[in-house]
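Everything below concerns the one structure shown next.
The values are calculated or read from the model by the stated rules, or taken from the named source; none is laboratory data. Being a predicted model, the structure only gives us computed values, none of them experimental. Note that each Cβ is placed from the backbone with ideal geometry, even for glycine, and that neighbours are counted across all protein chains shown. With ligands, DNA and RNA removed, areas are computed over all heavy atoms of the protein, side chains included. Shrake-Rupley method; radii C 1.70, N 1.55, O 1.52, S 1.80 Å.
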Amino acid sequence: MSRERSAIGRRRLLAISGTGALAALAGCSGFLSGESEPTVDADALAEAVSSDAPAVPETVPIDIEASFVDEQESIARSALDGVPAPFDREEIPNGVIRERLNGVYESATESIDRVDEALTPYDRLDRANGARVDAHEVQAAWRAIDTDLTVSELTAEAPAIAGSVDEVDARWSYVGDDPVRAVVVHDEIGTEIRAARNWLDSRHRRTAHDGGTALEVGALASDHERARTSVAVASYLFDRFRASLDASADLRPRFEAARATLRTRVLDRMESLPPRDVDEPTSLVDRDVGETAGVRALASLGSDARFRADSVADAESDEGPSPASDVLSLADVLVYVRAFASLRERIEDGDDIAVEGVEDVAAVRESAIDAVAEARDADRGALLVDAMLPGFASEIRWADDRMGRASGTVRVDSVAYDAIDYVVAGATCRALPPVCAEAATALRNGSS
């Protein structure tokens with residue numbers, strides 16, 4: 001759950017690898033000394049991106065009962081009831097600790113208050129579990145202050161949590177009737193199990209000592225609670241999914257065959273990709289065009305596609321313990337490969353996708369929003385689209401956030417750089433339905 005990446009990541013850094021973009025960031029932008037760079041009014045820019053971005057919450061093709069969500073919310077409320085928050089100076093004299101815990105307490109209460117605003121049952125569950133994690137962080141940190149709870153005491157809980165992870169993992173199997181629905185569900189279950197193990201392992205590396213500050217105790221409690229919520233979700237999803245089946249078969253061979261098919265297609269299409277780092281983004285297209293937002297987005301997509309495809313090529317074989325998740329990961333690679341090819345064709349056909357003012361920002365943003373709407377209307381592979389679309393659509397919200405935070409006047413080149421995310425969102429969301437249809441066919445056929 002909640003797999004969105006940070007707003008500024010590897011892709012956006014690679015997008016400015018070209019010399020022209022680097023000069024822009026250095027303040028040159030190709031203008032002669034004394035020449036003023038073109039700017040746009042920040043208020044007008046904010047107005048251009050003020051309409052709501054499409055809400056694409058995470059979902060899973062299982063009927064999640066309200067009672068299960070309520071149970072997680074009740075656990076969070078119970079933990080919060082045990083602390084005298086929000087804290088004042090008398091309760092926590094240390095300002096850093098007080099500010100942190102009050103912030104986490106506020107996050108927990110806001111998550112609880114917003115549970116019913118969620119658009120899907122899975123989104124409601126995500127918010128309830130987020131509140132549960134935050135509540136336990138505050139509770140444990142307060143206990144460290146009030147009753148001397150230590151890191152060692154919490155560390156002693158880890159084996160029991162690990163045992164519960166092992167128990168769920170041992171009884172989980174790739175059962176199902178519809179391979180497309182099943183691959184989405186089993187990807188979620190596998191992701192939750194891996195997440196639980198990761199939360200336990202990461203904390204063991206960081207707290208190999210006794211004692212610890214209240215914040216360290218709270219952080220450990222938070223990691224343990226994340227592991228517990230992941231175990232609870234994985235167990236619940238498997239039980240609900242298995243109970244929903246009219247008939248059941250072992251789908252692992254089907255998933256493995258689809259994985260092999262999609263991996264072969266990634267390897268076959270790698271030849272069309274550029275290297276990971278491109279010094280001159282304009283060299284990627286066979287026409288005379290400047291380093292527009294579209295060209296920078298093309299370099300970004302090419303770098304991401306190459307990075308992902310190289311990871312597939314570097315794998316020693318098609319074998320692996322998580323064929324369901326591998327299928328979705330390979331589909332993700334193919335989305336970037338297809339998006340790169342489609343955007344390059346669009347630019348070579350004459351569309352510069354230049355961003356030179358507020359109107360251009362509004363246009364590329366609207367195009368991205370249209371792409372999300374088109375993806376949501378997809379017929380073939382719709383369950384795969386539903387599972388993957390939230391991550392690609394989130395690019396729009398990240399860009400909106402940056403555009404909306406500007407003040408005064410903003411350099412056009414800076415605006416064009418941030419608009420890359422709109423172009424990428426449009427290209428990937430348009431590539432998603434055909435790739436998902438391809439993956440669905442591979443899953444149903446069990447072969448190429």
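Around Pro275, under 13 Å between beta carbons, what's the net of Lys plus Arg minus Asp minus Glu among the other residues?
Its environment carries a net charge of -4.
Leaving out ligands, DNA and RNA, and with a 1.4 Å probe, what % of the accessible surface on the range 332-373 is carbon or sulfur?
About 39 percent, which is the carbon plus sulfur part of the accessible surface.
In nm, to one decimal, how far is the modelled label at Ala363 from the one at Arg89, with both set 7 Å along Cα→Cβ?
Placing both labels 7 Å beyond Cα along the Cβ direction yields 5.8 nm.
Using modelled amide H (1.01 Å from N, peptide plane; none on Pro or chain starts), what sits under 5 Å from the amide H of Thr39, excluding residues fewer than 5 places away?
Amide H neighbours of Thr39: Val412.
Return the loop-located trypsin sites (Lys or Arg not before Pro) in the range 356-427 (DSSP other than H, G, I, E, B) with at most 16 other Cβ atoms within 10 Å of their own Cβ; answer none if there are none.
When the trypsin sites (Lys or Arg not before Pro) of the range 356-427 are filtered for loop state and at most 16 Cβ neighbours within 10 Å, Arg380 remain.
Take the Cα radius of gyration of the chain and divide it by 2.2 N^0.38 Å, with N its residue count; two decimals is plenty.
Taking the Cα Rg and dividing by 2.2 N^0.38 Å, one obtains 1.08.
For Glu291, Glu137, what's the largest-to-smallest order of accessible area, 1.4 Å probe?
Glu291, Glu137
I need to check one value: relative contact order of the chain, counting alpha carbon pairs closer than 8 Å and at least 6 residues apart, in percent.
Contact order relative to length: 24 percent.
Name the residues whose placed amide hydrogens come within less than 5 Å of the amide hydrogen of Val175, ignoring near sequence neighbours (fewer than 5 apart) on the same chain.
Leu251
Please work out the Cα convex hull volume for the range 41-91 and give it in Å³ per residue.
Considering the Cα atoms of the range 41-91, their hull volume per residue is 154 Å³.
Return a whole-number percent for the relative contact order of the range 58-173, with Cα pairs under 8 Å and 6 or more residues apart as the contact set.
Normalised by residue count, the contact order of the range 58-173 is 32 percent.
Once R0 is set to 35 Å, what does the formula 1/(1 + (r/R0)^6) return for the Cβ-Cβ distance between Ser67 and Ser248, expressed as a FRET efficiency to the nearest 0.05?
The formula returns an efficiency of 0.90 here.
In percent, what relative contact order does the range 228-331 have, based on Cα pairs under 8 Å that are 6 or more apart in sequence?
Relative CO of the range 228-331 lands at 39 percent.
Around Gly190, what is the net charge, scoring Lys/Arg as +1 and Asp/Glu as -1 over all other residues with Cβ under 10 Å from its Cβ?
Result for the neighbourhood of Gly190: -4.
Per residue, how large is the accessible surface of the chain? Use a 1.4 angstrom probe and give square angstrom.
Roughly 44 Å² per residue, with all protein chains present.
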